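Down below is the structure, laid out as structure tokens.
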Amino acid sequence: MNSIRRAVQAHAGGHALAPLAALLALTAALAGCAILTTGGLPAGTPIAQVRQSWLTPTGEYALPGGGTRLEYARGSFGRETYMLDFDAKGSLLSSQQVLTEENFAAIEPGMSSQDVRMRLGRPAHVFNVGWQKLQVWNYRFFGADCVWFQVSISNADQRVTQAGNGYDPACDGPSTRE
């Protein structure tokens with residue numbers, strides 16, 4: 001907090017409103033973080049209020065019964081994805097971080113790619129495997145250094161063919177070849 005106070009004082013430079021502007025910016029940043037924590041918004045928060053926040057959803061999905069799921073993929077290396085579920089009237093029902101081993105365990109062969117996106121959100125990395133005629137979706141998550149969750153999606157029918165943990169090539173570091 002002292003470092004924030006010093007930064008505000010350093011930037012004030014005779015402007016009476018500079019500390020107020022800095023405080024408002026900090027408040028907005030903290031409010032945005034609150035949206036992305038489980039329970040960060042109270043149940044019943046209107047979807048319009050969430051949409052008007054400074055955070056833009058990275059995905060949107062229709063829920064059974066007319067509800068809506070908003071996806072917020074965030075975090076370092078894409079390790080966090082929050083899903084906010086709203087009922088048909090647009091009231092918040094729940095919010096949760098979905099990149100967990102529990103949710104990964106629910107991904108099974110035969111599941112549609114749309115179901116995977118709705119459960120896990122957008123992948124951190126996607127690559128094609130031409131000779132197998134599929135895409136591999138990769139999800140990073142906390143608690144697993146150098147491991148990511150991989151989902152193979154068939155190009156033919158857009159269904160999961162395989163899912164499980166794999167090695168994250170980001171852990172290889174720079175090449176030492178010359």
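A compact table of results
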quantity	calculated
Residue that is modelled with the lowest pLDDT, among those in the stretch 119-160 that are β-branched (Val, Ile, Thr) and surrounded by fewer than 16 Cβ atoms within 10 Å (Cβ to Cβ)	147
Complete set of residues in the stretch 119-178 that are β-branched (Val, Ile, Thr), out of contact with any Gly (no Cβ under 9 Å at 6 or more places or on another chain) and touching a residue at least 24 places away in the same chain (Cβ under 8 Å)	153
All positions within the stretch 75-99 that are surrounded by fewer than 16 Cβ atoms within 10 Å (Cβ to Cβ) and within 19 Å of residue 147 (Cα to Cα)	76, 77
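The values are calculated or read from the model by the stated rules, or taken from the named source; none is laboratory data. Every value quoted in this text rests on a predicted model; they were computed, and no experiment measured them. We place every Cβ from the backbone using ideal geometry, glycine too, and count neighbours over all the protein chains shown.
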